[in-house]
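Taken together, the values in this text are just the output of simple stated rules run on the coordinates, not laboratory data. A quick note: this is a predicted structure, and the numbers were derived from the prediction, not measured. Here Cβ is always computed from backbone atoms with ideal geometry, including for glycine, and neighbour counts include all displayed protein chains.
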Ligand code: GLP
């Protein structure tokens, strides 16, 4: 399965979720101990739902799969219900047979965030690198929490969140002002090292940024435009997200 910068436009959000699940399950069947990079966000809630369903239907075990999540809010306690770790447990990990020891996550509840980030890069390297990275996208073009201005060689680090990103995440926290100011994220350079990448985007709110990412200039102002430098990427979109392309 090679994507080579493919733009795949499907009718509805649900079709995107199903296609993503097919890609996921096929990849695990081909390599049961695959190393996956995983995102959070509303786009991926129906996607995880379909992956869980398809794993059950096709009796695919995730026991040997290793996962590295992209990012975490900085300063939240480990079990916090607003953390990405909680999102992943609730939407995915608790519903499949993945081994807890194979789940890797940035811990936003640490003092020495520099060490946390360097150790995470080290763990990814030790695992042999990411085979397949799934991504969502923010309305400002961020991937993970790599905000506009992030350099394409950036590695796992602590970042300051933009106003737009804090607004996008406001519903979980009650208001944008309550969203943590900082987060830990893998870098764009880290993402670009993945062997394959699938970016999923759905809905009209993503149409403008998708147009810029796919048709505009490759620039650090639009972090996701870096993906066009990768040789094996699939942009998986519904008609709404692709409406300006
Ligand atoms: C968050 C995450 C990203 C995600 C993005 C889009 O900020 N850090 O990894 O891709 O939001 O989220 P949504 O799918 O909710 O639009």
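Descending by average beta-carbon neighbour count within 10 Å, the peptides 189-202, 151-164 line up as 189-202, 151-164, the highest first. Between residue 127 and residue 90, the simple spin-label model (points 7 angstrom out along Cα→Cβ) gives 2.3 nm.
Would you mind classifying the chain by shape? Square roots of the alpha carbon gyration tensor eigenvalues, ordered a ≥ b ≥ c; an a/c under 1.5 is rounded, otherwise it is prolate if a/b is larger than b/c and oblate if not. It comes out rounded by the Cα gyration axes. Shape class for segment 113-245: oblate, because the ratio a/c of the largest to smallest gyration tensor axis (alpha-carbon atoms, square roots of eigenvalues) is 1.5 or more and b/c is at least a/b. Projected onto their three principal axes, the Cα atoms of segment 8-151 cover extents of 43, 33, 29 Å, largest first.
Look at where the Cα atoms of segment 183-241 and of segment 1-68 average out, and the two centres are 17 Å apart.
Computed over segment 60-131, the percent of Cα pairs more than 17 Å apart is 47.
Under the simplified labelling scheme, the residue 82-residue 219 pair shows an inter-label distance of 3.3 nm, with each label point 7 Å from Cα along Cα→Cβ. Hey, any idea what Rg/Rh is for segment 1-56, computing Rh the Kirkwood way over Cα pairs? Reported Rg/Rh (Cα atoms, Kirkwood Rh): 0.96. Counted over the chain, the DSSP beta bridges are approximately 25% antiparallel.
Mean residue ellipticity, 222 nm, helices only, the chain: the sum of -39500 (n - 2.57) across DSSP H runs of n ≥ 4, divided by residue count and rounded to 500, is -9500 deg cm²/dmol. The gain in end-to-end length when the residue 177 to residue 12 segment is fully stretched comes to 56.1 nm, 0.36 nm per residue minus the alpha carbon separation.
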